[in-house]
Every structure is written in C-alpha cells, then in structure tokens.
C-alpha cells in the first residue's frame, strides 16, 4: 500500500493511472449510495465529477512541471470548487409543498469534486480517509436525522381542505386543542376549484402529543388530506 501511495505522489504514467482509478472508485462509491436512495445525481454524475476534477488537478500540475513553474498549480482546481456549485444547484428543487430536496446531493457533488482534486494531485491517502468520512456521514447521520425528527417538538403539516369554511373550522379546532401554531401558508386550489391547501407549523410541549394531534386531525371531517412534512 505504501508503495502505491509513493507512486501516486510521483509524475509518471503509473501515477496518472493510479490517481484516475482512485478518483473513479471514490465517485463510484458515493454515486452508488445516492443511486440506491433514488437521488437526483447518481453513479454516472458522481464518477464524471470526480474523474473530471482529478484530470483538472493533474492538468494544473502538468502545466506547472512543463512551463518552469510559471503558473499557480492550484488555480485551475480552485475554479472546479466554485464551478461545481452550479451543477449542485441543478439538483436542488422546491416541491409543491415547499419542501427543499437535493441539498445533500448537491453537497455530495461538491465533496466528490474535492476528492477528485485531492486524488488528482496525488494526495490519495487523504482522499480515501475523506471518502470514508463522507460515507459515514451519508449512512449514519441519515439515521440521526430520522431520530432527531422523531424527537422534535416542532413539525410541519401539509393539509388539504375542500373549501374555505372547512379551513376556518380546522383553525378553530386547533384553538380548542390548545395547539400552538408557529406559522402557516395558505394557497387556493390551482385547478380553479374551491379547495385550499396549507402548510402549518405546529409546536408541542411534549413530543408524545404528536400522535394525539395526528389522531385528532384524522377524525376531523373538515380535513380532506394531511401528512407530516
């Protein structure tokens, strides 16, 4: 292993191949994780970003070695770090329920580009250590996110009502239940009907109240549909 790392730090055809294969593997690992979870950017996107970044970094090193050091070796790589941000923005969407999707994928693409840059300059050991940490973040912290969401005392609900009168009735029912509404966004039915939909932020003093509130809302005739966001 030490021999491979020493090869990666040099400048030869073996070093170039080793760096590019390392970048490919790193992009592949992250891309498989995102693909399994059906996220916007999958295997091909992550692999292309990673190996492209590696090539850019090696191009900077090539220019530095072959033009008597008259250029900054990090200049081209710096453009990748900022440029991949535009690619990441394309994976971020806001759903009709005002939910933001794709932030983790965008951050993953940016991290993937950084891994490619590190592999491309020969810092392979640092890139693989970072890859391990990235995968731990994607796997373990996802479970922590679910746990934190379950323990939260503030949560958002998406609701649909057949008409304005039902929406008014729902608000009065919440007051009777002594439920604290932090914020709400109300929208009319886009199809031109009388229906309304709303995103309501609710705060509870005890997280056990969550299920009680859900059961109460399910029994309300004025609510046509609801789900927790």
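The values are calculated or read from the model by the stated rules, or taken from the named source; none is laboratory data. On a predicted model such as this, the values are computed, not experimentally measured, just so you know. Ideal geometry is used to build each Cβ from the backbone, glycine not excepted, and the neighbour counts take in all protein chains shown.
Values as computed for the structure displayed
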| read-out | value |
| --- | --- |
| Residue within region 140-153 that is at negative phi and at pLDDT 80 or above present | yes |
| In region 147-174, the residues that are within 31 Å of the chain's Cα centre (by Cα) and in contact (Cβ under 8 Å) with a residue 60 or more places away in the chain | 155, 156, 157, 158, 159, 160 |
| Flag for residue 170 being in contact with a strand residue (DSSP E or B) (Cβ under 9 Å, 6 or more places away or on another chain) and either exposed (fewer than 12 other Cβ atoms within 10 Å of the Cβ) or not in a strand (DSSP E or B) (or both) | yes |
| Candidate set: region 52-77, residues that are modelled with pLDDT of 75 or more and out of contact with any helix residue (DSSP H, G or I) (no Cβ under 9 Å at 6 or more places or on another chain); chosen: the one nearest to residue 106 (Cα to Cα) | 62 |
| Pick from region 128-146, criterion under 20 Å from residue 106 (Cβ atoms) and in contact with a helix residue (DSSP H, G or I) (Cβ under 8 Å, 6 or more places away or on another chain), ranking: surrounded by the fewest Cβ atoms within 10 Å (Cβ to Cβ) | 139 |
